[in-house]
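The values are calculated or read from the model by the stated rules, or taken from the named source; none is laboratory data. Since this is a predicted model, take the numbers as computed values, not measurements. Positions of Cβ are generated from backbone atoms using ideal geometry, with glycine treated the same way; all protein chains shown enter the neighbour counts. Side chains included, ligands, DNA and RNA excluded: accessible areas come from the protein's heavy atoms. Shrake-Rupley method; radii C 1.70, N 1.55, O 1.52, S 1.80 Å.
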Amino acid sequence: MHYRTIILLIVLITQSFQVTAQSNGNGDGPEYAVKGKIVTSGKEEPLEYATAVLLESPDSTQVDGMVTGLDGSFTLEADKPGQYILQTSFVGYRDQSTTVQISSESPRQDLGTITMSQDASQLDEVEVVASEYSMDYKMDKKVINVDEQYSSISGDAVDILQNLPSINVDIQGNVSLRGSSNFTVLIDGRPTVMQANEALQQIPATSIKNIEIITNPSAKYDPEGTGGIINIVTKKNVLMGVTGIVHLNGGLYDKYGGDFQLNYKTDDVKFFVGGDYDHEREPGSMEMENRTYTADTTFYLNTDGTNREKEYDYNASAGFEWYMSEKSTFSLSGRYGGGLDNELSNTSYLEWNSFANGKNEYTSKQDNKRDHEFYALNSHYTYEFDSTTHKLDADLQVYTYNGGENNVNTLYTTSDAIQSSQKSKEGGPSGGLEYRLNYKQDFSKRVNIEVGAQGRFRNSDEWNDMFYYNNASQ
């Protein structure tokens, strides 16, 4: 029985091969077919991936289609004798249609070489507008293009930095770089009089062109003892005549401010004056439940409170740039500014434990104030020997700074009697000067030299006072 089944299968397979061979005619491809080769006009180079489609005439029903190979060749199979239309197409070339007649006498048509010419069109003028990346990574720094930071354009430098890698900003706007608050802030590559966080909170985003984050600074930036450098590059206006710009902004919680810049420029000199003001309030609330477990006792502490912070900053600047020659430039500018930050909080505490029956309830009120005022005078000189890569530049800054803090922390009983209180005060003026001299020359793309010198002289008179509330004498 098994032998009969095997013999039957062999006979069926043999018959199928015979039918296939008969349908192929001479055994070399399909019985009805159209083939050819598509090349470009002029050079007659093969067109790879061109499309060849065979359609029935006259209803244009597709019979077969394919894309050409490396040599531009194609072979399409027809169903029966008749008249067909061959359509060839390729991106950037004119489509072509060729009528093909297939009969029993000529079942396989070889169209030979089909030449396709480029489809050139005269286009209207096109304007291409490209935008910079919001962040550019260079060998020694990250550069943030502020013009692309639309979400924070109405704020200050802190609003731009708070969503960037390696930067952390707490709820009070204090910035840390790579986890450290010990970093340096430069404005246009020059030191600033203000503390790092004060400088970032007082520079409006509308006046910033980009921000450079230098996490591995060279000796040129005097990086000793710092976690890195944040360099604020401000916008420059080079238009001739009188130009100016004004920004105003406003928001929730009594937030408003603005800034302006006015310039007058000729071929030899440029004068400028500007200023900015920012005011805001930040209300908030806090609620916390704390449980501490020991072997036999559980301690409870519930906290509930509100806080509000009022802050304003102001700055004014003026100066000029003198283009002494095509190679040398001298500038002199002055800056004055200040601000106040006042934080008030009122927090209620309730504490008890599972061992004792009584509960301790009290209220803490804090009034923290911090203010500052500064003056600064900056001068800068640049001499370019033959290009921007071979130059000498020098900076000199003279400044005074006066700031202080006044913090009061008072605990009240449930009857609003003062349980304890302490007040701390600190302040004192400081002043000094800083200079920097730098020489740079690039000999080639791989070889350059940069040398310089810098120095700092600072004199400060700081004081600290601490007061404790005397319940007896009140």
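Tabulated results
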item	result
Out of 456, 446, sole residue that is at pLDDT below 90 and assigned to a strand (DSSP E or B)	456
Residues of the stretch 252-264 classified as touching a Gly at 6+ places or on another chain (Cβ under 9 Å) and open to solvent by 30 Å² or more (accessible area, probe 1.4 Å), total	5
Yes/no for residue 434 being over 30 Å from residue 346 (Cα atoms) and open to solvent by less than 50 Å² (accessible area, probe 1.4 Å)	yes
Scan of the stretch 265-285 for residues that are open to solvent by 80 Å² or more (accessible area, probe 1.4 Å) and part of a strand (DSSP E or B), ordered by number	271, 277, 281, 285
Complete set of residues in the stretch 353-366 that are open to solvent by 60 Å² or more (accessible area, probe 1.4 Å) and touching a strand residue (DSSP E or B) at 6+ places or on another chain (Cβ under 8 Å)	354, 359, 360, 361, 365, 366
The listed residue being without any contact (Cβ under 8 Å) to a residue 12 or more places away in the chain and either open to solvent by 70 Å² or more (accessible area, probe 1.4 Å) or in a strand (DSSP E or B) (or both), out of 470, 378, 464	470
Residue, least open to solvent (accessible area, probe 1.4 Å), within the stretch 289-337, restricted to residues that are part of a loop (DSSP other than H, G, I, E, B) and under 27 Å from residue 376 (Cβ atoms)	323
Residue match in the stretch 338-358 (condition: assigned to a strand (DSSP E or B), under 31 Å from the mean Cα position of the chain (by Cα) and closer than 30 Å to residue 270 by Cβ)	yes
Failed condition for residue 434, given (1) free of Cβ contacts under 8 Å to residues at least 60 places away in the same chain; (2) over 17 Å from residue 391 (Cβ atoms)	(1)
Residue in the stretch 20-36 that is more than 60 Å from the chain's Cα centre (by Cα), among the acidic types (Asp, Glu) and modelled with pLDDT under 75 present	yes
Residues (within 28 Å of residue 181 (Cα to Cα) and at pLDDT below 65) located in the stretch 122-146	133, 139
Candidate set from the stretch 390-417 (those that are open to solvent by less than 60 Å² (accessible area, probe 1.4 Å) and among the aliphatic types (A, V, I, L, M)); member that is nearest to residue 443 (Cα to Cα)	392
Subset of the stretch 172-187 (residues that are farther than 21 Å from residue 204 by Cβ and assigned to a loop (DSSP other than H, G, I, E, B))	178, 179, 181, 182
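Residue-by-condition table, conditions (1) open to solvent by 40 Å² or more (accessible area, probe 1.4 Å); (2) at pLDDT 75 or above; (3) of a type outside the set (S, T, N, Q); (4) touching a strand residue (DSSP E or B) at 6+ places or on another chain (Cβ under 7 Å):
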position	(1), (2), (3), (4)
150	yes, no, yes, no
155	no, no, yes, no
161	no, yes, yes, yes
164	no, no, yes, yes
173	no, no, yes, no
185	no, yes, yes, yes
195	yes, no, no, no
199	no, no, yes, yes
